[in-house]
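A.B. asks: Here it is, the structure in full.
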Amino acid sequence: MKLGIPALLLLLTVPATGRAAETPHDVETDHIDAFDDGGPRTFGLLTNPAGMLLGVFGAEGDLVLGDTAAVSAEADLLAFGGATAYAAALGLPMYPMRVPFHGFVVHPRVSLARATSEGATVDLAGVIATLGWQWTLPAGLSMRVGAGVRFDRAIGGDPDAGAALEGLHPVADGSVGWVF
């Protein structure tokens, strides 16, 4: 009996191999947090009411590329100092916390715009960068809050037509929308 107890304790300290009930055919994915238990989001459609305070009216669509990034396409109408412009931007919103549409977001973009002022037109190329935070409710309602800068330069046409739009401008990101 004296050897039985030490032998039993020794057997309890030896690790056993764990076996899982899953098979190679299981398709359930692991999620980083409970936010996306309904499955990962793949597409978002947003508009930016905060940008309207700075003269930018538009909409944005985002398509998820993986756990950390999406591709965004944006169409805008800009109105600054007597000049108006129609613009399109392509971006790459990045989510370092590895949950798309939720958490810290870095959103660089490139843009092209055609501006008119007093009958003259000019084409503008630009870069936009914003930093912010995005919240998405389990039902899909999403809100992103952030700020950044926009830099535009004339690339063709009458440079005087886009003088109000050229250079460095602040960007307000207060986007709201729905993700699916």
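A.B. asks: Working only within segment 125-151, note down all residues that are over 18 Å from THR68 (Cβ atoms), β-branched (Val, Ile, Thr) and in contact with a Phe, Trp or Tyr (Cβ under 9 Å, 6 or more places away or on another chain).
C.D. replies: Of segment 125-151, the ones over 18 Å from THR68 (Cβ atoms) are 125-128, 137-141, 143, 145, 147-151.
Still in the running and β-branched (Val, Ile, Thr): 127-128, 145, 149.
Within segment 125-151, VAL127, ILE128, VAL145 qualify.
A.B. asks: When you go through (1) exposed (fewer than 15 other Cβ atoms within 10 Å of the Cβ); (2) assigned to a strand (DSSP E or B) one by one for VAL106, which number turns out not to apply?
C.D. replies: Status for VAL106: all satisfied but (1).
A.B. asks: Sort out which residues of segment 82-102 are β-branched (Val, Ile, Thr) and either over 18 Å from ALA154 (Cα atoms) or surrounded by 20 or more Cβ atoms within 10 Å (Cβ to Cβ) (or both), and write them in order of number.
C.D. replies: Correct list: VAL99 only.
A.B. asks: Return yes or no: is LEU63 farther than 30 Å from ALA163 by Cβ, part of a strand (DSSP E or B) and at pLDDT 85 or above?
C.D. replies: Numbers: farther than 30 Å from ALA163 by Cβ: yes; part of a strand (DSSP E or B): yes; at pLDDT 85 or above: yes.
When the stated conditions are applied, LEU63 passes them.
A.B. asks: Oh, and also: What about SER117, is it farther than 27 Å from THR68 by Cα and in contact with a strand residue (DSSP E or B) (Cβ under 8 Å, 6 or more places away or on another chain)?
C.D. replies: Yes; evaluated as a whole, the condition is true for this residue.
A.B. asks: Consider LEU90 carefully, then state whether it is more than 15 Å from the chain's Cα centre (by Cα) and assigned to a strand (DSSP E or B).
C.D. replies: no
The values are calculated or read from the model by the stated rules, or taken from the named source; none is laboratory data. Keep in mind that what you see is a predicted model, and the values were worked out from it rather than measured. Please note: Cβ atoms are built from the backbone with ideal geometry, for glycine as well, and neighbour counts cover all protein chains shown.
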